[in-house]
Amino acid sequence: MKHFARVTTLAAALLSASLITGTAHAQLAPAAQPAAAATAPAEARKANIVIIGTGGTIAGAGASATNTAAYQSAVVPVDKIIASVPEISKVANVKGEQIFQIGSESFNNERLLKLAKRVSELLKQPDVDGIVITHGTDTIEETAYFLNLTLKSDKPVVVVGSMRPGTALGADGALNLYDAVLVASNPASKGKGTLAVLNDEIHTGRDVTKSNTFKTETFRSPFGPLGYVVEGRTLFYRLPARPHTLQTQWDIDKIDKLPEVAVVYAYGNANPAAVEAAVKSGAKAIIYAATGNGSVGDYMVEPLKAARAKGVHIVRASRTGSGVVVRNAEQPDDKYDWIVTDDQLPQKARILMALALTQTNDTKALQQVFWKY
Ligand code: GLU
């Protein structure tokens, strides 16, 4: 990768200096911000950010400006997306890199590992200050959680998407990308794990989830976002409480394969054949997206016990979208040698269980992982 050009214009110096405080106050007179002035380096520089393109709606295009929800995703190359937001070059030196051009529903373990390993490689380069990943919103929550658990760096990594293609009225991708670059460039974002930026909000990769099929206000974290991005200012209000990146037991550089973990969804009149199919296809664990507090229908208990008897781990999760699953409450987990999620949604539990299984097959240790991360 070519080295980034160092830019030391007055504007860049003012912006970078104000970013040291965690917020950008480029328009304010230095006298109004003595703390920022006191910590400003003599010659500040713009951050070097690599923007990795993976596809999604942020790379999408519709037939007309009124196509806000019906369009083709993953068609615009990342360099073209970057070029369409010239404001970005005022806040960072950016380089685009196209790794995939896919809808994020097409992510699988191989693609996830390839992306994470490339991010890890880039983070090791001394001239890279942060990474932005453009990504479909459908599975940002899975990719962000995976990166949050496996990257060994405190440099900012921000996953960003959009809900409307760039061709649509009210397109949100340009501002989301600009905001993501601002967050990735900001020293205040260091050491906070993988972040997801959309709709003026900064979320932790651990908690973020997509909650609406078409609205721009779709990302939700059960405990609220970590912060906002407004008028070029990155504002943090919370910190992630659970271990991430440098504090976890996984290192992406040492993971070359993820075990198969299936998710089986519960509903009235659910079919036990789904459990049997997961076992037959070689799943090492089944995340059972159960109703309520991880409750399991009477006709589903035996098939799940049979799967466990064959060595497949059973993890009781909830399809409700939030809340913890209480061990030994709805089902006798100790007796059945099952596991419960903490508050991880089924799709996040799948990521965590796959990682956990790369290190242990012990039920007690696996259970601890859910309570820790
Ligand atoms: N399904 C596509 C994806 O996740 C488009 C959705 C989006 O990016 O908002 O990539």
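The values are calculated or read from the model by the stated rules, or taken from the named source; none is laboratory data. Keep in mind that what you see is a predicted model, and the values were worked out from it rather than measured. We place every Cβ from the backbone using ideal geometry, glycine too, and count neighbours over all the protein chains shown. Note: areas computed on protein heavy atoms with side chains; ligands, DNA, RNA excluded. Shrake-Rupley method; radii C 1.70, N 1.55, O 1.52, S 1.80 Å.
With all protein chains kept in place, the per residue accessible area of region 137-250 amounts to 35 square angstrom at a probe of 1.4 angstrom. Structure note, pairs LYS190/LYS348; LYS192/LYS348; LYS46/LYS117: Cα-Cα distances above 21 angstrom occur for LYS190/LYS348; LYS46/LYS117. Spin-label pair GLN247-GLU110: with each label point 7 Å from Cα along the Cα-Cβ axis, the two points sit 3.6 nm from one another. Which net charge results for the neighbourhood of MET163, defined as the other residues with beta-carbon distances under 12 angstrom from its beta-carbon, given Lys and Arg at +1 and Asp and Glu at -1? The answer is 0. In order along region 93-110, phi translates into HN-Hα couplings of 8, 10, 10, x, 8, 8, 9, 9, 9, 9, x, 5, 5, 8, 5, 9, 4, 5 Hz, rounded to whole numbers, per the Karplus curve 6.51 cos²θ - 1.76 cosθ + 1.60 with θ = phi - 60° and x for Gly and Pro. Taking the average, over residues, of other Cβ atoms within 10 Å as the packing measure, peptides 276-287, 321-332, 336-347 rank 336-347, 276-287, 321-332 from highest down.
Computed 3J(HN,Hα) for region 296-310, one whole-Hz value per residue from the Karplus formula 6.51 cos²θ - 1.76 cosθ + 1.60 where θ = phi - 60°, is 10, x, 4, 7, 9, 4, 5, x, 6, 5, 5, 5, 4, 4, 8, glycine and proline marked x.
Helical runs assigned H by DSSP (4 residues or longer) give the chain a calculated mean residue ellipticity at 222 nm of -8500 deg cm²/dmol, each run adding -39500 (n - 2.57) before division by the residue total.
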